[in-house]
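I have placed the structure first, in the form of structure tokens, so that the comments after it can refer back to it.
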Amino acid sequence: MPFLGGSLWIDFVNTTPVIKGTALDLIGDASALERWARQANIETALANAPDDPAALQDLRAQLADAFDRLAASKPLPGDLIATINHLIQHSAIRRRIVDTGDTIALNEHVEFAGPPVASAVAWHFAQFLGNYEHQRLRHCDNPACTMQFYDVGKNNRRRWCTMALCGNRDKVAQYRGRKAVARAD
Ligand SMILES: [Zn+2]
């Protein structure tokens with residue numbers, strides 16, 4: 001929790017959830033960041049440059065703003081694009097043919113250069129920009145929830161970050177509402 005954004009950069013924006021009324025920061029300190037990176041399958045041990053906590057907070061704020069701009073089909077700020085380009089400039093896809101004798105396959109592996117979390121997030125953001133539909137970028141329908149997501153569903157009708165966190169709460173509220181109306185009748 002919570003990797004529900006549909007793309008890693010949105011999961012990164014979602015690292016400030018409000019759980020039971022308390023605002024959390026899932027990358028707020030070094031150990032929290034390490035945990036989040038592990039859950040996100042980002043390799044940090046071999047990094048030649050560690051992530052700078054202040055730079056990550058700044059990147060997250062810029063990407064949160066970018067989410068709303070993309071959703072509204074507004075242009076992205078030039079300094080965000082410059083930041084992303086800077087972060088991904090030395091990362092690359094390495095391709096390797098793997099021949100097992102029975103099958104032959106092309107393996108692709110992304111090699112990140114620079115601070116591992118920032119580089120991975122920037123890479124996924126850049127990939128995302130190449131192929132998305134703006135109307136699929138949405139905030140969770142629960143006004144008390146800060147989560148946002150990219151709806152990959154065929155019908156584009158997802159309303160909640162998760163059914164368990166917000167969808168069920170809404171169902172319970174609707175049920176109570178109907179009961180209250182029934183009693184009033
Ligand atoms: Zn929610």
- residue 113 vs (1) surrounded by 10 or more Cβ atoms within 10 Å (Cβ to Cβ); (2) over 15 Å from residue 51 (Cβ atoms): all pass except (2)
- How many of the residues in region 116-165 are surrounded by 15 or more Cβ atoms within 10 Å (Cβ to Cβ) and of a type in the set (Asp, Glu)? 1
- Message: What are the pairs with Cβ atoms under 9 angstrom where one residue, in region 155-166, is among the hydroxyl-bearing types (Ser, Thr, Tyr) and the other, located anywhere, is surrounded by 11 or more Cβ atoms within 10 Å (Cβ to Cβ) and part of a loop (DSSP other than H, G, I, E, B)? Sequence gap at least six, or different chains.
- Response: 162/1; 162/2; 162/4; 162/140; 162/147
- Item | Qualifying positions in region 68-90 - farther than 19 Å from residue 52 by Cα and of a type in the set (D, E, K, R) | 68, 69, 74
- Query: Can you tell me which residues in region 110-162 are hydroxyl-bearing (Ser, Thr, Tyr) and within 16 Å of the ligand (Cβ to nearest atom)?
  - Reply: 146, 150, 162
- Item | Members of region 137-154 that are in contact (Cβ under 8 Å) with a residue 24 or more places away in the chain and not hydrophobic (A, V, I, L, M, F, W, C) | 138, 141, 142, 146, 148, 150, 151
- Task: Report, by residue number, each residue of region 70-92 that is small (Gly, Ala, Ser) and at pLDDT below 95.
- Result: 91, 92
- Among the residues listed as 107, 168, 85, the single one being over 30 Å from residue 30 (Cα atoms) and more than 16 Å from the ligand (Cβ to nearest atom): 107
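The values are calculated or read from the model by the stated rules, or taken from the named source; none is laboratory data. The structure presented is a predicted model; accordingly, all values stated were derived computationally and were not measured. Positions of Cβ are generated from backbone atoms using ideal geometry, with glycine treated the same way; all protein chains shown enter the neighbour counts.
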